[in-house]
Amino acid sequence: MNDFLFYVIASAVALLSLLAVTLPNLLHGAIALVGSFFATAAIYIMLQMEFLALAQIALYVGGIVVFMLIIILLTNDLGVDNSLSRVSAGRQVGKGVIIAGFITALCLFFTSNPSLLLRTTEHRAAPVSIDEIGIRLLSTSNGFIVPFEVVSLLLLAALIGAVVLSRRENKKEEKP
Amino acid sequence: MKLLLPDILLVLLAALIMGYDLYKGKVNLTSTVPFHFAWLGLCAIFVVLLRLPYDQTALYPGGYLVTGTSLLFKQVFVLSALFTVLLSGSYFTPGGNKRGTLRHRSEFLTIILLCTFGMFTVVSATDLLTLFIGIELSAIPLYILSGFYKEDALSLEASTKYMMMGAISTGLMLFGLSFLYGAAGSVTFEALAKFCTANPDEPLLRLGVLFVLAAIGFKLTVFPFHMWAPDVYDGAPTPVTAFISVSSKAVAVAFLLALLYGPLAALHSQLQPVILILAAATMTVGNLGALKQERLRRFMAYSSIAQAGYIIMALAGDAGLGRSSVIFYLFVYAAANYAIFFILAAIGRDGDEQRSGLQGLGKNNPVLAAVLMLTAFSLAGIPPLAGFMGKFFLFAAAAKQGYYAMVVFAALNSTISLYYYLLLVKEAYIIEPQVARKPLMLDGVQFISLFLLTAAMLIAGILPSISDNIMAVAG
């Protein structure tokens, strides 16, 4: 039953992601993306990763996609116009051949060198509680305090950059 | 805490410059005080770095590792940031550049410093997460800096293109790192190394390495991931181009060194052929591409693609030789590249940064022409200069593993590169200018910087003590 459910959700994720990048109307694409994010969250819940599922819904569905929808609706033509360029059939076939070849190569590689990890079932990770994540994130031993702190500098740099790039220049201001 | 001093000082310097701007920025937007803060501070950090003990290793809480090798890399990053700051001087002064005057100097300097801190993090990381955040902190600011000419379409194109390519490479890297994490069950280098030694044939591991190599290939402009480089180098403001060509490349190499000789050491013998093929293809593509370039920034892009090929060739060598030869070459490469970019800044004051801008240099300004010649020879690897020693060590690292055919191939490639570096010299000495143009002039900062860089190229080529010291620390 569990396996069956997984395959249903996984194929839903694949289908919705495919729709998100192929639909000519950007608005429809964004809505397909919402569905794909929800289905991903469902997979996380199946794996008992509640925190990830929550973050997925809060950040991606709640934040990023709504943001994208607003941008699409505010920029006039993008939402209605069929503005994605059409690719010729020959190129589509070419791309398909390359991707199929790549996937076949991967499959061959994995069947000739079966992974040790996929065969053993006892490697399954234990469910992680939100408390544990918080403690690991800030603990100095066996934790992630360094990346946690460095991320703040990354955000600072990105923030400064965003302000500089998006600021309207006032030419008069610079005259000494 | 002594070994952590450069990192702390760097963040404090960034905060100081930003803070000064918040306090005084509204009053005087063209103030040069942040500029003086930045170069003085970076000089001070470099002095601190030189005075630290290189034979000690310290692991700080949270897994921040400082070793002699990482301190050497930090020297490269600090010097590179210092010369970028000095180079940017004339681009922020009105009339300093024909393309336009850059604005928001203190934001520019803060972003450069934070970016350099990201590079510090990469060489000090002991887990995949820190490594990833570090490499992102050293990449994302560069997308912003490339777009600093806000009214220039080329600059905006460069920024957008760089960001797209960077996003793809980040995606690939996360994918690869998650495979490595999935295989080892932990993000620490220690656990990953243990797993690699126990199961070197695990396919998930190879898949992870494949993706990580592809991702870092983007940053290092390795063939076939190099196509963004010419456009970005050409569009970005020249100081940013210089910073991308030196620091961004150095941090990508540091990242590869950290993984290949650290946790993935057990896979190194399997990866050697891959590295050599990538190196051979990269140097050939770079050299052939550079032959026809008229625009100097684009020319430097292809030249630096070729140089990346020589650098990764050394990664096929053993840990000691690989590390020390790469670090020595990075110093040499940085000195030569910055010298070229300072000359570019002089050309760019009154004209386009094209090769024809060099015409008549031999007559008008013989000293600058001589510096250009020395730099071109150093980049090509002509004996008495540092470039020769650098290339010699890189080739020796590969030769020691028995890859003689590869060394011959690289030497042939080096000969091709000599042709196009000599084109620069020919332009400066032989070709008569078609139209009368103003003789190239250097301002004080440019003069002193070029003097230091030229001295470094000569001294590192002649005195063996510098390369010996690096060998002793990293070897």
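The values are calculated or read from the model by the stated rules, or taken from the named source; none is laboratory data. For clarity, every value in this text was computed on a predicted model and none was experimentally measured. Methodologically, a virtual Cβ is constructed for each residue, glycine included, from the backbone with ideal geometry; neighbour enumeration extends over all protein chains shown. Side chains included, ligands, DNA and RNA excluded: accessible areas come from the protein's heavy atoms. Shrake-Rupley method; radii C 1.70, N 1.55, O 1.52, S 1.80 Å.
For A:V164, the conditions (1) out of contact with any His (no Cβ under 8 Å at 6 or more places or on another chain); (2) modelled with pLDDT of 85 or more; (3) facing chain B (nearest Cβ under 9 Å) are fulfilled apart from (1).
Whenever a residue of the stretch A:94-110 is hydrophobic (A, V, I, L, M, F, W, C), its partners that are open to solvent by less than 90 Å² (accessible area, probe 1.4 Å), lying with C-beta atoms within less than 6 angstrom and at least six residues away or across chains, give the pairs A:F110/B:P203. Evaluating B:T67 against the criteria (1) more than 14 Å from every other protein chain (Cβ to nearest Cβ); (2) under 26 Å from A:V163 (Cβ atoms) leaves one unmet condition, (2).
Only one of the numbered conditions (1) modelled with pLDDT of 90 or more; (2) closer than 30 Å to B:G262 by Cα; (3) open to solvent by 20 Å² or more (accessible area, probe 1.4 Å) is not met by B:A319, and that is (1).
Of the residues A:R136, A:R119, which is modelled with pLDDT under 80, among the charged types (D, E, K, R) and open to solvent by 50 Å² or more (accessible area, probe 1.4 Å)? I'd like the intermediate steps shown before the answer.
Numbers: A:R136 fails: modelled with pLDDT under 80.
Selected residue: A:R119, the only one of A:R136, A:R119 that is modelled with pLDDT under 80, among the charged types (D, E, K, R) and open to solvent by 50 Å² or more (accessible area, probe 1.4 Å).
Could you list, in sequence order, all residues of the stretch B:200-209 that are crowded, with 17+ Cβ neighbours inside 10 Å and without any contact (Cβ under 8 Å) to a residue 40 or more places away in the chain?
B:E202, B:P203, B:L204, B:L207, B:G208
Matching residues to (1) away from chain A (no Cβ under 14 Å); (2) under 18 Å from B:G134 (Cβ atoms); (3) touching a helix residue (DSSP H, G or I) at 6+ places or on another chain (Cβ under 8 Å):
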| residue | (1), (2), (3) |
| --- | --- |
| B:M18 | no, no, yes |
| B:F35 | yes, no, yes |
| B:F77 | yes, yes, yes |
| B:F83 | yes, no, yes |
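Checked against (1) exposed (fewer than 14 other Cβ atoms within 10 Å of the Cβ); (2) under 19 Å from B:G475 (Cβ atoms); (3) within 14 Å of chain A (Cβ to nearest Cβ), B:D55 passes all but a single condition, namely (3). Within the stretch B:135-153, can one find any residue that is of a type in the set (D, E) and closer than 30 Å to B:T57 by Cβ? Yes, some residue in the stretch B:135-153 is of a type in the set (D, E) and closer than 30 Å to B:T57 by Cβ. Being closer than 27 Å to B:A81 by Cα, within 13 Å of another protein chain (Cβ to nearest Cβ) and open to solvent by 10 Å² or more (accessible area, probe 1.4 Å): is that true of B:L156 here? Yes, satisfied. The stretch B:49-139 holds helices (runs of 4 or more DSSP H) entirely within its bounds, and those carrying 3 or more residues that are free of Cβ contacts under 8 Å to residues at least 40 places away in the same chain map to B:128-137.
Going through the stretch B:227-247 one residue at a time, which ones are touching a residue at least 60 places away in the same chain (Cβ under 8 Å) and either surrounded by fewer than 22 Cβ atoms within 10 Å (Cβ to Cβ) or more than 23 Å from B:F120 (Cβ to Cβ) (or both)?
Going through the stretch B:227-247, the residues touching a residue at least 60 places away in the same chain (Cβ under 8 Å) turn out to be B:228-247.
Passing the criteria: B:W228, B:A229, B:P230, B:D231, B:V232, B:Y233, B:D234, B:G235, B:P237, B:T238.
When each of B:Y149, B:Y162 is tested for being outside any helix (DSSP H, G or I), touching a residue at least 24 places away in the same chain (Cβ under 8 Å) and more than 8 Å from every other protein chain (Cβ to nearest Cβ), the lone residue that passes is B:Y149.
Does the stretch B:72-88 contain any residue that is of a type in the set (S, T, N, Q), within 14 Å of the chain's Cα centre (by Cα) and surrounded by fewer than 24 Cβ atoms within 10 Å (Cβ to Cβ)? Let's see the steps before the verdict.
Our first condition is that a residue be of a type in the set (S, T, N, Q); within the stretch B:72-88, this holds for B:75, B:80, B:84, B:88.
Right, trim to within 14 Å of the chain's Cα centre (by Cα) and you get B:75, B:80, B:84.
From what is left, the residues that are surrounded by fewer than 24 Cβ atoms within 10 Å (Cβ to Cβ) are B:75.
Scanning the stretch B:72-88 turns up at least one residue that is of a type in the set (S, T, N, Q), within 14 Å of the chain's Cα centre (by Cα) and surrounded by fewer than 24 Cβ atoms within 10 Å (Cβ to Cβ).
Among the residues of the stretch B:165-199, the ones that are within 11 Å of chain A (Cβ to nearest Cβ), among the aromatic types (F, W, Y) and either surrounded by 22 or more Cβ atoms within 10 Å (Cβ to Cβ) or in contact with a Gly (Cβ under 6 Å, 6 or more places away or on another chain) (or both) come to 1 in all.
Summed over the stretch B:105-121, residues that are facing another protein chain (nearest Cβ under 7 Å) and either open to solvent by 10 Å² or more (accessible area, probe 1.4 Å) or more than 12 Å from B:I140 (Cα to Cα) (or both) total 4.
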